[in-house]
Amino acid sequence: MGVRGGLLAALIMFGAPMAATVAAGVASSSAFAQTADSIQVEGNRRVEVSTIRSYFKPGPDGRLDQGHIDDGLKALIETGLFQDVRISQAGGRIVVTVVENPVIGRVAFEGNKKVKDEQLTSEIQSKPRGTLSRPVVQSDAQRIADIYRHSGRYDVTVVPEIIEQPNNRVDLVFTITEGSKTGINAIQFEGNRAYSSYRLKDQIKTRESNLLSFLGGSDVYDPDRIEADRDLIRRFYLKHGYADVQVVAALTEYDPQAKGFMVTFKIEEGQQYRVGSVDYQSSIPSLDGRALARFSRVNVGSIYNAESLEKSVEEMQIEASRRGFAFAVVHPRGDRNFEAHTVAIIFAIDEGPRTYIERINVRGNTRTRDYVIRREFDLAEGDAYNRALVDRAERRLKNLDFFKSVKITTEPGSAGDRVILNVDLEEKSTGDFSVSGGYSTTDGPLAEVSISERNLLGRGLYGKAAVTYGQFARGVSLSFVEPYLLDYRIGLGLDAYYREQLPNSFISYGTKTIGFSPRIGLALREDLSLQLRYSIYDQKITLPSTLDDCNMPTDAAGNFIPNGLPFNPSPAWVQAFGAGKAAANGATDLSGVGLWCYSTGQASLPVRKELAAGATLTSAVGYSLTYNVLDNNKNPTDGLIVDFRQDFAGVGGDVTYLKSAMDAKFYTPLVADIIGLVHLQGGILTQVGDNQIRMLDHFQMGPNLVRGFAPNGIGPRDINPFGTQDALGGTKYWGASLELQYPFWFLPKEIGLKGALYADAGGLYDYVGPTNWAFTGEVNTPGCIPPTNVKGLPTAPGTCLGLQFDPQNVVRTSVGIGMIWASPFGPLRFDYAVPITKGPHDVVQQFKFGGGTTF
């Protein structure tokens, strides 16, 4: 910042009291028996005389007495316009002498690197062209320091300086020494017996400092976040039956040598309670309390859960409103039995006050349209006031992720039975531009560039465009979501995509797919959702020419070696008709002919048949039904999620089938922070009509079913020895996994590492795709053998006419260990699994790694 000139006024003067004196000799009230217009004003430059006189309010007789003068003096001082106000008497007149505060020419900041000028300017009260007030400047300096402390910089110092300029103007400069970030060196818990400190650290937002803390900000000391953590701990205990829990204190101690804080949460757990009984009592004559029992989530014998109790109250109150009892209020009451450690729950339904919503004020939404906010309310102006519906609306607005903060408050309306709802919002950025990178043993290195907007045009729409480029996978996708179709709580999604899968070590062929898929989603309940979809896509196989030539072998000069046959024999043909066996069958001796059809490494018959068929159009309708009661979707430790989906192809297009699949995961906490996971999955592909199911439509399984196997590594497979031995897939699969996830107790919680032990079992069966080539008349398709060509021709699978494959109807099992890392670079997982049982032609891959990040 430039060189300053003028007088430097130290802020130490701010503490001096403003002089406001009344000259000697004006003690008696009779001396001031004058009108306000007779007051003489001196020293004013910008403030009008009439404005100063207006602060002296006379009595009913129009005259001023001592009390009026004192009140006027105080009022002038409180304006903040003056450094000094003096009242004296001269020539029988009241003289008010003022010294005006200077005008601020500019406000500047020096030394701020971590916080921008714009943010600081918006937070302070001193503004350019405003009046300088020393108390306000002091307050501004404190406010700037608070901003830095909330971002974890407790060593900050802020020194305001006033630089005088001509014409009673000043420049205000805040010199800031930011200091370094003050982190959390340690988080401790006292009094926790039921849950370990490791488990409780999962429930709070604050984290301990570590080597990767610079990638986040949760390790920075924030007193507001610490206070919020107290409530999170309390709610966690209440959810698990500890109805008497108290988080009595969150103590913070600063270590100047380590330059960090130690935070200690003191907890009084109390006893764990179960639900002893549940009763419903209604004081409303026409409303039977037991009619609302099915909306209760509280069951006798279960562990007391305050969260379930709150949701029960909300749903029962909303149901009562739907039944016409708009003012019904549900009050839960819990009577503890301290000896039996049970709680008797009573839901009391009473008639509440008859209050109506007069108006809903939405404030703070500069970008988001009003209707986007109002549609999250299940009530409108003029409706009966229902606190449960208001709480639900507030929760929905927070879940939109459009706002930094959402707060709904009430104030009295124009009448006693009217209430005004004020919705105060603070918007945040909703657009994302990301460059993502990842690597997996299946797809190799992969990168994605995407741009997305969660609140498109301020209308609550979602849009995303992404480009993916990797070693074996590439593509482009466009997505659009309208969450309120035709103003109903039904989401409409549109997806268009192009995907290209290249040949790799697991498959010999590539695929190109271009498609479009509209979908509709709706919540049937809070824990149950339904998605309806339609998909249309064009798909074709790509194959290197060397895997589809199937020509006769050539000599050194490149000439084909004739074999006297109109086709190229397979291993089974040579075995059947070579070396003496041919003569017995009246055929040519083919000893030494070689496996011409396979010796150059041909792709499997179904793959070449898909290639010959060209692009195939699939048109399918489907649905998914999802039941989700997980405690945390990102890092679940308790609960169940079940997904059932079906797709029917045949609404036009070239293929027909019915594909059904189910996936279920159950999490439960065991002991010592160990989480148990049971994973079940299964699927069936059913042929519809006369159209044969393509190989590409079969289920392909590998480590997604049983870890320890390669992608497409299990199930029916082409076993011709000189071909590519492609996996063919199956029409039925099942899988079951048991997994224990456990923390590394010797590592800091903040690193985010945990281990896994697991056992998998599963199977993939029943390939029903192409097994032979068709031919017409006397024209032979490569590899096709007319049945009358040679006496005794074997037409079973294994000839060039048919496919030789191993159905592999065995159960695959494996055991393994894994490491899961919730890293700042994104979720990463490493697995090492050893197959216990496998098919003779399965492909094993014991190590698997996958993960990615956004930066």
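The values are calculated or read from the model by the stated rules, or taken from the named source; none is laboratory data. Note that the structure is a prediction, hence the values are computed from the model and not measured. Using ideal geometry, Cβ is built from the backbone for each residue, glycine included, and neighbour counts are taken over all protein chains shown. Please note that ligands, DNA and RNA were not included when accessible areas were found on the heavy atoms of the full protein model with its side chains. Shrake-Rupley method; radii C 1.70, N 1.55, O 1.52, S 1.80 Å.
Yes/no matrix, rows are residues, columns are (1) at pLDDT 95 or above; (2) assigned to a strand (DSSP E or B):
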{"site": "ALA620", "(1), (2)": "yes, yes"}
{"site": "LEU630", "(1), (2)": "no, no"}
{"site": "ASN635", "(1), (2)": "no, no"}
{"site": "ILE641", "(1), (2)": "yes, yes"}
{"site": "PHE644", "(1), (2)": "yes, yes"}
{"site": "MET662", "(1), (2)": "yes, yes"}
{"site": "LYS665", "(1), (2)": "yes, yes"}
{"site": "THR668", "(1), (2)": "no, yes"}
{"site": "VAL678", "(1), (2)": "yes, yes"}
Would a scan of segment 39-46 turn up a residue that is closer than 30 Å to VAL158 by Cβ and touching a residue at least 12 places away in the same chain (Cβ under 8 Å)? yes
Is it the case, given these coordinates, that GLY769 is surrounded by 19 or more Cβ atoms within 10 Å (Cβ to Cβ), modelled with pLDDT under 80 and part of a loop (DSSP other than H, G, I, E, B)? no
Residues of segment 251-292 satisfying the condition of being of a type in the set (Asp, Glu), within 27 Å of LEU200 (Cβ to Cβ), in contact with a helix residue (DSSP H, G or I) (Cβ under 9 Å, 6 or more places away or on another chain) and open to solvent by 40 Å² or more (accessible area, probe 1.4 Å): none
Considering every residue within segment 161-174, establish whether at least one is closer than 27 Å to GLU253 by Cα, of a type in the set (Val, Ile, Thr) and either open to solvent by less than 40 Å² (accessible area, probe 1.4 Å) or within 32 Å of the chain's Cα centre (by Cα) (or both). no
Filtered residues of segment 741-757 (kept if under 25 Å from the mean Cα position of the chain (by Cα) and open to solvent by 10 Å² or more (accessible area, probe 1.4 Å)): GLN741, TYR742, PRO748, LYS749, GLU750, ILE751, GLY752, LEU753, LYS754
Need the failing condition index for GLN125 against (1) under 29 Å from GLY179 (Cβ atoms); (2) touching a Gly at 6+ places or on another chain (Cβ under 8 Å), just the number. (2)
In segment 60-71, anything at pLDDT below 80 and among the small types (Gly, Ala, Ser) is listed as GLY62
How many residues are of a type outside the set (Val, Ile, Thr) and either over 21 Å from ARG533 (Cβ atoms) or open to solvent by 60 Å² or more (accessible area, probe 1.4 Å) (or both) when one looks only at segment 618-636? 10
Which listed residue, of ILE641, ILE674, is surrounded by fewer than 18 Cβ atoms within 10 Å (Cβ to Cβ), in contact with a Pro (Cβ under 9 Å, 6 or more places away or on another chain) and within 27 Å of ILE303 (Cα to Cα): ILE674
For segment 703-739, name all the residues that are in a strand (DSSP E or B) and either closer than 24 Å to PRO770 by Cβ or touching a residue at least 60 places away in the same chain (Cβ under 8 Å) (or both). PHE709, ARG717, ASP718, ALA727, GLY730, LYS732, TYR733, SER737, LEU738, GLU739
Scan segment 129-149 and give yes if some residue there is basic (Lys, Arg), more than 30 Å from ILE267 (Cα to Cα) and under 38 Å from the mean Cα position of the chain (by Cα), otherwise no. yes
Among the residues of segment 175-209, write down those that are of a type in the set (Lys, Arg) and either over 30 Å from GLN125 (Cβ atoms) or open to solvent by less than 40 Å² (accessible area, probe 1.4 Å) (or both). ARG193, ARG199, LYS201, LYS205, ARG207
Restricting attention to segment 598-617, and to residues there that are part of a helix (DSSP H, G or I) and open to solvent by less than 20 Å² (accessible area, probe 1.4 Å), which single residue is modelled with the lowest pLDDT? TYR598
Segment 795-829: number of residues that are modelled with pLDDT of 70 or more and not in a strand (DSSP E or B): 5
Reported set for segment 293-314 where residues are outside any loop (DSSP other than H, G, I, E, B) and open to solvent by 40 Å² or more (accessible area, probe 1.4 Å) is ARG294, ILE303, GLU307, GLU310, LYS311
Filter segment 389-406 down to the residues that are surrounded by fewer than 21 Cβ atoms within 10 Å (Cβ to Cβ) and touching a residue at least 40 places away in the same chain (Cβ under 8 Å), then identify the one that is farthest from GLU315 (Cα to Cα). ASP401
Could you list all residues from segment 132-148 that are open to solvent by less than 70 Å² (accessible area, probe 1.4 Å) and either closer than 17 Å to THR177 by Cβ or touching a residue at least 60 places away in the same chain (Cβ under 8 Å) (or both)? ARG134, VAL137, ASP140, ALA141, ILE144, ALA145, ASP146, ILE147, TYR148
Flag for ALA727 being under 15 Å from GLY839 (Cα atoms) and surrounded by fewer than 20 Cβ atoms within 10 Å (Cβ to Cβ): no
Out of segment 713-724, which residues are surrounded by 20 or more Cβ atoms within 10 Å (Cβ to Cβ) and out of contact with any Pro (no Cβ under 6 Å at 6 or more places or on another chain)? GLY713, ILE714, GLY715, ARG717, ASP718, ASN720, GLY723
I'd like to check something: does segment 112-131 contain any residue that is open to solvent by less than 50 Å² (accessible area, probe 1.4 Å), free of Cβ contacts under 8 Å to residues at least 12 places away in the same chain and not in a helix (DSSP H, G or I)? no
Within segment 644-654, the residues that are farther than 25 Å from GLU526 by Cα and open to solvent by 50 Å² or more (accessible area, probe 1.4 Å) are PHE648, VAL651, ASP654
Which one is nearest to SER126 (Cα to Cα) among residues in segment 72-103 that are open to solvent by 50 Å² or more (accessible area, probe 1.4 Å), in a helix (DSSP H, G or I) and modelled with pLDDT under 85? GLU78
Can you pull out every residue in segment 495-525 that is of a type in the set (Gly, Ala, Ser) and either within 23 Å of the chain's Cα centre (by Cα) or more than 27 Å from ASP842 (Cβ to Cβ) (or both)? ALA496, GLY515, SER517, GLY521, ALA523
Is it the case, given these coordinates, that ASP647 is in contact (Cβ under 8 Å) with a residue 24 or more places away in the chain and of a type in the set (Asp, Glu)? yes
Is it true that GLY852 is more than 28 Å from VAL607 (Cα to Cα), open to solvent by less than 60 Å² (accessible area, probe 1.4 Å), at pLDDT below 85 and not hydroxyl-bearing (Ser, Thr, Tyr)? yes
